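K.L.:
Sharing a structure, written as C-alpha cells. Questions coming.
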Amino acid sequence: MCGIVAAVAARNVVPVLVQGLQRLEYRGYDSCGVAVHLGAAGGDASAPGAGLQRARSTARVAELQAQVERDGLSAGTGIAHTRWATHGAPAVHNAHPHFSHGPGAQAGQRPARVALVHNGIIENHEELRAELQAKGYVFESQTDTEVIAHLVDALYDGDLFQAVRAAVARLHGAYAVAVFHKDEPQRVVGARAGSPLVLGVGRAEGGEPAPHYLASDAMALAGVTDQIVYLAEGDVVDLQLGRYWVVGQDGAALTAGQRPVKTVHAHSGAVELGPYRHYMQKEIFEQPRAIADTLEGIEGIAPELFDGQGEHATAAWRVFKDIDQVLILACGTSYYSGCTAKYWLEGIAGMPTQVEVASEYRYRSSVPNPKTLVVTISQSGETADTLAALRHAQSLGMTHTLTICNVATSAMVRECELAYITRAGVEIGVASTKAFTTQLAGLFLLTLALAQAKGRLSAEDEAQHLKAMRHLPVALQAVLALEPQLIQWAEAFAQKDNALFLGRGLHYPIALEGALKLKEISYIHAEAYPAGELKHGPLALVTSAMPVVTVAPNDALLEKLKSNMQEVRARGGVLYVLADADTHIASGEGLNVVRMPEHYGVLSPILHVVPLQLLAYHTALAKGTDVDKPRNLAKSVTVE
Ligand code: G6P
C-alpha cells in the first residue's frame, strides 16, 4: 500500500506534499515522511547548504506537518510518503523517504546522494541487499525499499533517469517509486509496475515554468492540478522543471496520444468531516444519499447500465447474451457484498454464481469457462489481489468481465469490458460502509439486468423492484434513527472480548459483514456463522460472556432462526436481535431486540447491515479506538 506524492516546481512544494499525504493517509498511516532537495530553488546542487533533507515521523501527517514547519523545510523539489508497513516495523528508521549515502557510508558520515519513496513489495530484496552489501552499502532499515535507493546510487552515472530505468529492470515484485539525486536538484524520476502512480501536469504561471507532480492517486493533487496522466505498467517518468516525459516498458518515448492528459475532478471537498466526529460516522449517515445518487437517472432495467468505460469497453447486451454463469472476485467487505449477490443472482436471475476471495482464486488451479461473466467488486478499483485475480481470469480465456466499482478512473474500470460505477463518493473511513451498500444496489441492478436478459423478469416484477429500490433512501433514514438503541447495545459490547453473529440465507453475509466491522474497529474478536451451523461447533463458546447478534428479518427462515435463538438462550447466551416489526420477537431476559422499521423483502440486507455498522462504530467509540484508522489496517490494499 503506502501513498506517494512528489513535485518539481519553481516554488516551495512542501505544503503541497504534506497536503497530498493527508489525502493519502487512507493508503496507510504507520509512519510518514518528506524529503526535499535544498539546492532545488536556485538549481545549484553545489551551493552551500544545498543537499538532501528529510523529516520522518511515526505519528500522523498532522505531526509531520508541525515538524516540517518547525524545521522550516522549504524547497522546489521533494518527495513524500505515508506508509503501511510490510518489511520492518513501523519505526522512524523504516519510514520513507530512504536515503543512500553511497557505498561505505551511512547517515552522518557523508551527505545523502539519493532519496526515494516506494509503494509495493520487492520480492528479490534479499538477493539485492546481499549484492549491495558486498559493494559496501550500509543498510539502516529493515525495509525492502532501501535496496532500491542503494541500487539507484550504484547505477548512477550522471543521469538519474537512466539509473532508475536500470534499477527497476532489476526488481521483481510491485513498485511505484519516486526518486531524486543530489546532483540533479530539479528532477524527480518516477516508475511503476503493479502499484499505482499518476502524473499531475501543472500550469505555468507568472512567468515561472510549469510545476509537475507524481501521486499514488489523483485525489492527492486535488486543488493543485486536475490534469492527470495515468501511467501504465512499466512506465518510467521524468519530471523536470517545466517539462516531463514518459518512457514505456520497451524503453520507447511515449507520445501525448499514448499517455493522454485527462481532466479529473477529484473530490477534495468531499473529504471534509462536517459536523461528524469521524469519517465512518459521516459515511454511515451518507448512505441514503449515496444510494439515491447510485440509482439516479435509472428509469428502467437495461443492459446499457453496464456498458464499459475502459480500454476493453463493450456493449453489455453482447456480453449478457453470451454468458451462462457468474464468477465474483473481491476482497474484504466487497467480498461480502458478492456473497449477498450470489443469493440474488441464483434466486432471481437463475444464474449459477460462484463467489471467491480474490487472493485464493488467483493462485489456485480452477476450471475456466469462457461463458462466465467475471465480476470484480471493489471500492477503490486498485486492490492488488482483486486486480491480479481479474487478470488471472482473463489469462484463462474468460474475457467477459464486469466491475462494480466506486472509482471511475481506476485500473479495475479500465481493464474490464463492462462497469457499474457506484456513486458512494469518496470513502475515507478504513471500515467500509457506504461503499458496501452502494455495491449491493449495483449488484441488485445487475441481477435484474441478467434476469431480463434470460427472460426471467416480467415488466411487473421490474416495476416493483425499481419501486422498492427508489424507496431505499427513505427506508435507510428510518433505520439510522435507531442509533440511540444501538448506542445502548454498544455500551454492553465494549465490555466484552468476543461476539458471535448469526444470520441465515441472504442475511448470513450480513452477519459476516457485521462481525468484520466489529473486529476491525473495536478489536473485539467476532465471528459470524450461518445460524444453522451453530450446533456444529460455535455453540460450545456460548456463555453469558458471549453476546450473540442475530439478524432476524421476517423471511422464510424465521422459524428456523427462532429455534437457533432458543439454542443460545438455553446455554445462558445473551441475544441481540435485529428483528422485523412483524416477527413477534420481544425483548426479555437475555434477549435484546431492536425492531427494524419495515420488512424489506429481498433488499433487506441493505437495511440490516446499517445497525451493525452503528453497533461497531459506537462500540469502538466507547473503547476509545482510532475509528477511522484502526491499527494495522489501511483503506486501499495495493500490495498482495
Ligand atoms: C481493505 C479495506 C476494506 C475493503 C478491502 C477491499 O481491507 O480496509 O474496507 O473492503 O480492502 O477493498 P476494495 O477497494 O477492493 O473494495
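K.L.:
Highest mean first, how do 452-459, 410-417 rank when packing is the count of other Cβ atoms within 10 Å averaged over residues?
P.N.:
With the highest mean Cβ count within 10 Å placed first, the list reads 410-417, 452-459.
K.L.:
Residue-wise, which Karplus ³J(HN,Hα) couplings in Hz belong to segment 331-336, taking 6.51 cos²θ - 1.76 cosθ + 1.60, θ = phi - 60°, and x for glycine or proline?
P.N.:
Using θ = phi - 60°, the values come out as 10, x, 4, 4, 5, 5 Hz.
K.L.:
Can you give the FRET efficiency for LEU633 and ALA204, using 1/(1 + (r/R0)^6), R0 = 35 Å, r = Cβ-Cβ distance, to the nearest 0.05?
P.N.:
Taking R0 as 35 Å, the efficiency between LEU633 and ALA204 is 0.30.
K.L.:
Can I ask one more? So, in nm, how far is label SER563 from label ALA315 when the simple model puts each one 7 Å beyond its Cα toward the Cβ?
P.N.:
A separation of 5.2 nm, rounded to one decimal place.
K.L.:
In square nanometres and to one decimal, what's the mean projected area of the convex hull around the Cα atoms of segment 1-110?
P.N.:
So the Cα hull casts an average projection of 7.1 nm².
K.L.:
For a label point 7 Å from the Cα of ALA292 along Cα→C-beta, name the residues of segment 403-445 whose backbone N is under 15 Å from it.
P.N.:
Residues 423-425 qualify, since their backbone N sits under 15 Å from the label point.
K.L.:
Shifting gears a bit: For the cross-link pairs LYS282/LYS321; LYS562/LYS629; LYS496/LYS635; LYS262/LYS517; LYS342/LYS635; LYS342/LYS434, which exceed 31 Å when the distance is taken from alpha carbon to alpha carbon?
P.N.:
In this structure, LYS282/LYS321; LYS562/LYS629; LYS262/LYS517 lie more than 31 Å apart at Cα.
K.L.:
Could you tell me what % of all Cα pairs in segment 279-480 have separations over 21 Å? Could the numbers behind the result be given before it?
P.N.:
Numbers: 9675 of 20301 pairs.
Of all Cα-Cα distances in segment 279-480, 48 percent exceed 21 Å.
K.L.:
What is the chain's relative contact order, in percent, from Cα pairs under 8 angstrom and six or more apart in sequence?
P.N.:
Value for the chain: 12 percent.
K.L.:
Find which of ALA178, GLY338, THR583 sits farthest along the positive direction of the dipole of the chain, computed with +1 on the beta-carbon of Lys and Arg, -1 on that of Asp and Glu, about the Cα centre.
P.N.:
Selected residue: THR583.
K.L.:
Which Cα, out of GLN19, GLN258, GLY242, lies furthest along the positive dipole direction of segment 3-263 (beta carbon charges, K/R +1, D/E -1)?
P.N.:
Positive-most Cα among the choices belongs to GLN19.
K.L.:
How much mean residue ellipticity at 222 nm does the chain get from its helices, if each DSSP H run of length 4 or more adds -39500 (n - 2.57) and you divide by all residues, to the nearest 500 deg cm²/dmol?
P.N.:
One gets -10000 deg cm²/dmol as the mean residue ellipticity at 222 nm.
K.L.:
Between GLU127 and ARG243, what length in nm is gained on full extension when 0.36 nm per residue of separation is reduced by their alpha carbon distance? Provide the component values of the computation, followed by the final result.
P.N.:
Working: separation 116, 0.36 × 116 = 41.76 nm, distance 3.60 nm.
Gain on extension, GLU127 to ARG243, equals 38.2 nm.
K.L.:
I would also like to ask the following. Round to the nearest 10 and give me the degree value, 0 to 90, for the angle of helix 483-493's Cα axis relative to the longest principal axis of the chain.
P.N.:
Tilt of helix 483-493: around 80 degrees.
K.L.:
Separate question: State whether segment 118-265 is rounded, prolate or oblate according to the following rule on the C-alpha gyration tensor (a ≥ b ≥ c being the square roots of its eigenvalues): a/c under 1.5 gives rounded; otherwise a/b larger than b/c gives prolate, and the remaining case gives oblate.
P.N.:
prolate
K.L.:
Then there's this: With charges set only on the Cβ (+1 for Lys and Arg, -1 for Asp and Glu), what does the dipole of the chain come to about its Cα centre, in debye to the nearest 20?
P.N.:
Dipole of the chain, to the nearest 20 debye: 500 debye.
K.L.:
Below 8 Å, C-alpha to C-alpha, sequence gap of six or more: please give me the relative contact order for segment 483-623 in percent.
P.N.:
Working: 266 pairs, mean separation 44.5, N = 141.
Normalised by residue count, the contact order of segment 483-623 is 32 percent.
K.L.:
Further, regarding this structure: Using the per-residue mean of other Cβ atoms lying within 10 Å as a proxy for protection, in what order, highest first, do the peptides 230-237, 213-220 fall?
P.N.:
Working: 230-237: 20.0, 213-220: 28.1.
Answer by packing, highest mean first, reads 213-220, 230-237.
K.L.:
While we're here: Is segment 3-263 best put as rounded, prolate or oblate by its Cα gyration tensor, with a ≥ b ≥ c the root eigenvalues, rounded for a/c under 1.5, and otherwise prolate when a/b is larger than b/c, oblate when not?
P.N.:
Numbers: a/c = 1.29, a/b = 1.15, b/c = 1.12.
Rounded is the answer for segment 3-263, as its axis ratio a/c remains below 1.5.
K.L.:
A further question follows. Starting from the 7 Å offset along Cα-to-Cβ, what nm value, one decimal, do you get for the label separation of TYR523 and VAL261?
P.N.:
According to this spin-label approximation, the distance is 4.8 nm.
K.L.:
Once fully extended, how much extra length lies between ALA586 and ASP322, figured as 0.36 nm per residue of separation less the alpha-carbon to alpha-carbon distance?
P.N.:
90.1 nm
K.L.:
Same structure again: In degrees from 0 to 90, rounded to the nearest 10, what is the angle of the helix 125-134 Cα long axis to the longest principal axis of the chain?
P.N.:
The angle comes out near 20 degrees.
K.L.:
Ok, one more. Kirkwood hydrodynamic radius, computed over distinct alpha-carbon pairs, for the chain: how many Å, to one decimal?
P.N.:
Evaluated on the chain, it is 25.9 Å.
K.L.:
Now for a different question. Please grab the % of Cα pairs in segment 432-502 that end up more than 16 Å from each other.
P.N.:
Tail of P(r) above 16 Å: 67 percent of Cα pairs.
K.L.:
Let me ask something additional. In percent, how large is the relative contact order of segment 279-480, given Cα pairs closer than 8 Å and 6 or more residues apart?
P.N.:
32
K.L.:
Please give me, ordered by residue number, the trypsin sites (Lys or Arg not before Pro) of segment 173-207 that lie in loop per DSSP and have at most 11 other Cβ atoms within 10 Å.
P.N.:
Counting only loop positions with at most 11 other Cβ atoms within 10 Å, the trypsin sites (Lys or Arg not before Pro) in segment 173-207 are ARG203.
K.L.:
What distance in nm lies between label points placed 7 Å from Cα along the C-beta direction at ALA252 and ALA463?
P.N.:
5.7
K.L.:
Out of residues 5 or more away from THR376 or on other chains, whose amide H comes under 5 Å of its own, with H placed 1.01 Å from N in the peptide plane?
P.N.:
Result for THR376 returns LEU329, LEU402, THR403, ILE404.
K.L.:
Under the classification rounded if a/c is under 1.5, otherwise prolate if a/b is larger than b/c and oblate if not, where does segment 575-628 fall, given a ≥ b ≥ c as square roots of the Cα gyration tensor eigenvalues?
P.N.:
Details: a/c = 4.15, a/b = 1.45, b/c = 2.87.
Oblate, because a/c is 1.5 or more while a/b does not exceed b/c.
K.L.:
Report the extension gain between ALA570 and ALA302 in nm, rounded to one decimal, defined as 0.36 nm multiplied by the number of residues separating them, less their alpha carbon distance.
P.N.:
Length gained between ALA570 and ALA302: 91.4 nm.
K.L.:
If every alpha-carbon in segment 461-603 counts as one equal scatterer, what log10 I(q)/I(0) does Debye give at q = 0.16, 0.22 1/Å?
P.N.:
Here the Debye-derived log intensity ratios amount to -0.85, -1.54.
Read-outs: derived from the displayed coordinates by stated rules, not from any lab. Bear in mind the structure is a predicted one, so any value in this text is a computation, not a measurement. Backbone-built Cβ (ideal geometry, glycine too); neighbour counts: all protein chains shown.
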